[in-house]
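First comes the structure, then the notes that go with it.
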Amino acid sequence: MTPAAESVLTRWDRRYLGLAAHIREWSKDPRGRVGAVLVAPELNRIVATGFNGFPSRVEDDVDRLSDKPTKLDMMVHAEQSALLFAGREARGCTLYVVGKPVCNHCAVLSIQAGVRRVVAAAPRNGTTSEWDRRGHISARLFVEAGLRFDAVPGDVLAALLPGEAGAAATLDPTPTPAG
């Protein structure tokens, strides 16, 4: 994102990204914490929030969280959680995501739910990260579906989110999605 493109982020965008960074800390996943905030822009009202974790009523067992294949099979993504809680109210909303690029599955759900804008980490080029690969697929899906996608580079997220949350907002380079 160039300085001109960075100015696309409003004061409220920065606030909601900061809130998503705070919410991501609620995740018990030791490797890949992600937070999401879904906002109705016409009223500037928070519709739903989410963080990655196991489904409701499923124990946050340390062994499950540290066993990557098991965790990947059971994890609900932050975006999925926010969209599920929002239901039909997601239509026309802006989705803010901090922690990792939006994966292709969450992109598809966002499109189907009627989200109009996504503000999230930009997928990086030239990495072996599975998250970045999926993030590039998501970016193409957003364009094709007519969603506005404001891809925020990790360094811009870090600058927007000072302190521990900002440092943690940079992308986890793990090659496989962790939730």
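The values are calculated or read from the model by the stated rules, or taken from the named source; none is laboratory data. None of the values given here were measured: they were computed from a predicted structure. Positions of Cβ are generated from backbone atoms using ideal geometry, with glycine treated the same way; all protein chains shown enter the neighbour counts.
Among residues of segment 65-106 being among the acidic types (Asp, Glu) and closer than 21 Å to residue 135 by Cα, the one that is modelled with the lowest pLDDT is 73.
Would you pick out the residues in segment 112-153 that are part of a helix (DSSP H, G or I) and β-branched (Val, Ile, Thr)? 137, 143 - these are the residues of segment 112-153 that are part of a helix (DSSP H, G or I) and β-branched (Val, Ile, Thr). On the stretch given as segment 112-132, residues that are at negative phi and surrounded by fewer than 18 Cβ atoms within 10 Å (Cβ to Cβ) total 7. Applying the set (1) under 19 Å from residue 149 (Cα atoms); (2) surrounded by fewer than 13 Cβ atoms within 10 Å (Cβ to Cβ); (3) modelled with pLDDT under 90 to residue 10 leaves exactly one unmet item: (3).
Pairing residues of segment 29-44 that are acidic (Asp, Glu) with residues that are not in a loop (DSSP other than H, G, I, E, B), at Cβ distances under 9 Å and at least 6 apart in sequence or on separate chains, gives 29/51; 29/53; 29/65; 29/71. The listed residues are 5, 20, and the only one of them that is modelled with pLDDT under 90, out of contact with any Pro (no Cβ under 6 Å at 6 or more places or on another chain), closer than 15 Å to residue 121 by Cα and small (Gly, Ala, Ser) turns out to be 5. Taking the criterion of being over 14 Å from residue 154 (Cβ atoms), in contact with a helix residue (DSSP H, G or I) (Cβ under 9 Å, 6 or more places away or on another chain) and either surrounded by 24 or more Cβ atoms within 10 Å (Cβ to Cβ) or touching a residue at least 40 places away in the same chain (Cβ under 8 Å) (or both), the residues of segment 82-101 that qualify are 82, 83, 86, 90, 93, 94, 95, 96. The number of residues in segment 45-71 that are out of contact with any helix residue (DSSP H, G or I) (no Cβ under 9 Å at 6 or more places or on another chain), under 18 Å from residue 34 (Cβ atoms), surrounded by 10 or more Cβ atoms within 10 Å (Cβ to Cβ) and not acidic (Asp, Glu) comes to 2.
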